[in-house]
Amino acid sequence: MLYFNLAWRNIWRNKRRTIITILSIVVAVFLASVMRSMQEGQYTDMIENTVGTFSGYIQIHADDYWDDKTLDNTLVATDSVYSKIQAEESVRAVVPRLESFALAAGQNQSRPAMVMGVDIEAERNLSDPEKRIQSGSYFGKNDERSVIIGTELMQRLDVQLGDSLVLIGQGFRGMSATGLYEVKGTIAFPNPQLNRNLVMMPIETAQYFLAAEDRLTALSIILDDTEQVDRTVSNLQSKFSDDYEVMSWETMMPELTQTIEADRGSGLIMIFILYIVVGFGILGTVLMMITERTYEFGVMISVGTPRLAITLMLGIEILLMALVGTAAGIVVSIPIAWYFNVNPIQFSGDIAAVYQSYGLEAVLQFSMEPVVFYSQAITVFIITLVFSLLPLIKASRLNPVEAMRS
Amino acid sequence: MRYAHRAESNYEYSNSTKESSDECYAAESMIPGVNTHPMTQIEPETSNLKKMSIITTTGLTKVYNADQVPVHALRGVDLTIDKGEFTSIVGPSGSGKTTLLNIIGGLDEPTEGKALIDNTDLTTLSDRKLINFRLHHIGFVFQAYNLIPVLTALENVSFIMQMQGRSSRECREKSIDLLKEVGLEDKINKRPSELSGGQQQRVAVARALASKPAFVLADEPTANLDSVSTAELLDMMLELNEREEMTFVFSTHDQRVIDRARRVVTLVDGKIDTDEKR
């Protein structure tokens, strides 16, 4: 208590120095937290754009489908399969899909297309196509002969709403697949590749077109808690060990994970530089604090104050300032991150084009994950203590005679 | 090694006797007519303690290697100071006064020779034990007062006792008594910045006495004081010296202090030139 009391009073003895020290900690936590919030928000967007709104966090395929994506490697999802998946606590929805490739032809142009059969109701849980419709309308009950195509594909094929579209491809087990459909609408995804290639149709229509009755290429799974991906994958793998392959989005899209990791790495380098700058700032302030009081410490050691007590007193001073600084840093960071979480930054022009070229929405939404803030606060707190160690050791090793001569 | 071991033992003995006398000794001992200082109470030779040496230096030599050129600050100083003496160490600048005080105060170590304080050879103590020894055996008064600026007068005095591990209540009561003793009972809650130089030096004396030291070492204690404050401080210290047999050792240039000292040791070029007892 004696040393705490001393430390507390010393903190307020030189208010300007204390405020500068605390401010440097606040600024460090603020910059690091906001930077991380922005980055993590961006990664969440990337994942949401590609995983949360298209592929799903987990997919179940027939064995070997992922390595050899042909209709011959499709599965038939029985009620029992659905039951087993939905028995998992974190599963919110299961979305069946049948995907293949075909040649799409309008009156004058033809283009390669990705044919995607969707359950028109279940799909609302994943890509929510109705919201992405650019022209025309989403599928209704009697639209078994209709397709919705990507905006860019529509331009390339030079077709209009209501025009006919011919699809020619290969169906299940080599069957010939041909069909004539009406263009009911156009759709746009953040992913430009989809906009160039996608032909969406009701799943029954796709199964008929591809001669793959009841067959699916994938069951996409949506989770309530994205933190549960690994656990759910593991549980499902044990349930479907022999017949199906259960894959997480990280396994299916390693390039996305790598892109995020690479970007996170460069972000960490920036933050590391920030830490170093802050660390040396703190080192300078604490060194100044100790140098100013060298004479005083000399006197204290002379009259019999144990060196450990001086270290303890200074340690408490630094600890208190670090605690106040990191707490204030979090308090200042949260409103900023919250504001940009609620009101994401909408990019336009060239920046938007760059985002779209990566298949991302041109929106930057900050993350409000608690870990973003407390991890930065803890890191800056530890940096403060580590960079204060040297001055503390210096103070504890003072020679009283030399100190009093200073 | 044998000698060193004996010296350490003496130190332990010295500590234990001081602790055993803690309950008996109180700051009240400074109150006129009450003489309960531990040094006058301990053990069989109590009656002989008055003649006991508090400080003994033998062949004390200190050489500083300033830029490779050796500077002889002390050249074999033999000095004995008995309990109850009021001694001024004087001499021109560079004569070795401060070095001598630093060594007998356990703040510096000699190049050669021994410094025995309270029968303990300081040269044999580790840094940690030396700090502890200073805490329990030596009271310091500095030229610039050197109180802890964030503590009140009362807290400055009780700080030393708290470090000695005494209870808060005891520290507070004894600190108040000591501040009364130095005439500052109405300033106990003032911080150093709210006190005059003379008052700060009185608090410093109270702080020096708080540890119940074997002697008080004062380095130019009046250098920053005006005539009135100097006279008052000297009166107070002389009274403590006479009444409590508190040993005071000064280094000073101040003729007012020299005039009132009972013994004046003059150092010239690191050697004792004269040693005058009055």
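The values are calculated or read from the model by the stated rules, or taken from the named source; none is laboratory data. Treat the numbers as computed from the prediction; the structure is a model and nothing was measured. Using ideal geometry, Cβ is built from the backbone for each residue, glycine included, and neighbour counts are taken over all protein chains shown. In case anyone asks, the SASA skips ligands and DNA or RNA and just uses the protein heavy atoms, side chains included. Shrake-Rupley method; radii C 1.70, N 1.55, O 1.52, S 1.80 Å.
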In degrees, nearest 10, range 0 to 90: what is the angle between the Cα axis of helix A:370-396 and the longest Cα principal axis of chain A? 20 degrees
Net charge within 11 Å of B:Pro92 by Cβ-Cβ distance, Lys/Arg positive one each and Asp/Glu negative one each, not counting B:Pro92 itself? -1
If one takes the accessible area of chain A alone plus chain B alone and subtracts that of the pair, with a 1.4 Å probe, what total in Å², rounded to the nearest 100, results? 1900 Å²
Please work out how much length the chain gains when fully extended from A:Ser266 to A:Glu292, using 0.36 nm per residue of separation minus the C-alpha to C-alpha distance, in nm with one decimal. 5.4 nm
Top of A:Val380, A:Val51, A:Val354 by mean-square fluctuation, Gaussian network on chain A, Cα under 10 Å: A:Val354
Angle, helix A:15-47 long axis vs. longest principal axis of chain A, Cα atoms, 0 to 90°, nearest 10? 10 degrees
Please give the FRET efficiency for A:Leu323 paired with B:Ser193, using the beta carbon to beta carbon distance and R0 = 35 Å, rounded to the nearest 0.05. 0.80
Give or take rounding to whole Å, what are the principal axis extents of the alpha carbon atoms in region A:31-186, in descending order? 56, 42, 32
Output the peptides A:125-131, A:338-344, A:210-216, A:147-153 sorted from most to least packed, where packing is the average of other Cβ atoms within 10 Å over each peptide's residues. A:147-153, A:210-216, A:125-131, A:338-344
Between the modelled labels at A:Ile382 and A:Gln160 (7 Å from Cα along Cα→Cβ) the distance in nm is 6.5 nm
Local net charge near B:Ala144, Cβ-Cβ under 11 Å (Lys/Arg +1, Asp/Glu -1): -3
Considering only protein heavy atoms and a 1.4 Å probe, what is the carbon-and-sulfur percentage of the accessible area of region A:64-241? 41 percent
Two-site label geometry, A:Ile20 and A:Ser375: point separation in nm, points 7 Å out along Cα→Cβ: 3.3 nm
Mind checking B:144-155 for the average number of partner chain beta-carbons within 10 Å of each residue's beta-carbon? 4
R0 = 25 Å: FRET efficiency of B:Val228 with A:Arg13, Cβ-based, nearest 0.05? 0.25
Which residues in region B:87-128 place their backbone N less than 19 Å from a point set 7 Å from the Cα of B:Thr61 along the Cα-to-Cβ direction? B:95-97, B:99-101, B:103-104, B:108-116, B:122-124
Normalised contact order of chain A, rounded percent, pairs of Cα under 8 Å and 6 or more residues apart: 27 percent
Only bridges with both residues in the protein assembly as shown count here: give the DSSP antiparallel percent, nearest 5. 70 percent
What accessible area per residue, rounded to a whole number of Å², is obtained for region B:171-278 using a probe radius of 1.4 Å? 39 Å²
Alpha-carbon Rg with Dmax, taken over the protein assembly as shown, Å: 42.6, 129
Tell me the relative contact order for region A:64-241 as a rounded percent, counting alpha carbon contacts under 8 Å between residues six or more apart. 32 percent
Express in nm, to one decimal, how much length is gained between A:Met253 and A:Val332 on full extension, taking 0.36 nm for each residue of separation and deducting their alpha carbon distance. 24.8 nm
Contour minus Cα-Cα span, A:Ile393 to A:Asn341, at 0.36 nm per residue, comes to 14.4 nm
Considering the zone a paramagnetic label at A:Ser135 would reach in this model (a point 7 Å from Cα along the Cα-to-Cβ line), which residues of region A:89-124 have amide N under 16 Å from it? A:106-109
Using a 10 Å cut-off on Cβ atoms, rank the peptides B:124-131, A:11-18 from the highest mean neighbour count down. B:124-131, A:11-18
With label points built 7 Å along Cα→Cβ from the Cα atoms of A:Ser110 and A:Leu180, find their separation and express it in nm. 1.6 nm
What number, rounded to the nearest 500 deg cm²/dmol, is the helix-based mean residue ellipticity at 222 nm of chain A, given -39500 (n - 2.57) per DSSP H run of at least four residues and division by all its residues? -17500 deg cm²/dmol
With a ≥ b ≥ c from the Cα gyration tensor eigenvalues, square-rooted, and the rule rounded for a/c under 1.5, otherwise prolate when a/b > b/c and oblate otherwise, region A:47-92 is oblate
Relative contact order of region A:242-384, pairs being alpha-carbon contacts under 8 Å that are 6 or more residues apart, as %: 24 percent
Can you tell me the FRET efficiency between A:Phe4 and B:Glu112 if r is taken as the Cβ-Cβ distance and R0 is 41 Å, rounded to the nearest 0.05? 0.40
Show me A:84-95, B:257-268 ranked by packing, highest mean number of other Cβ atoms within 10 Å first. B:257-268, A:84-95
For chain A, shape from the Cα gyration tensor axes a ≥ b ≥ c, cut at a/c of 1.5 then a/b versus b/c, turns out prolate
Residue-normalised accessible area of chain A, given per residue in Å² at a 1.4 Å probe: 47 Å²
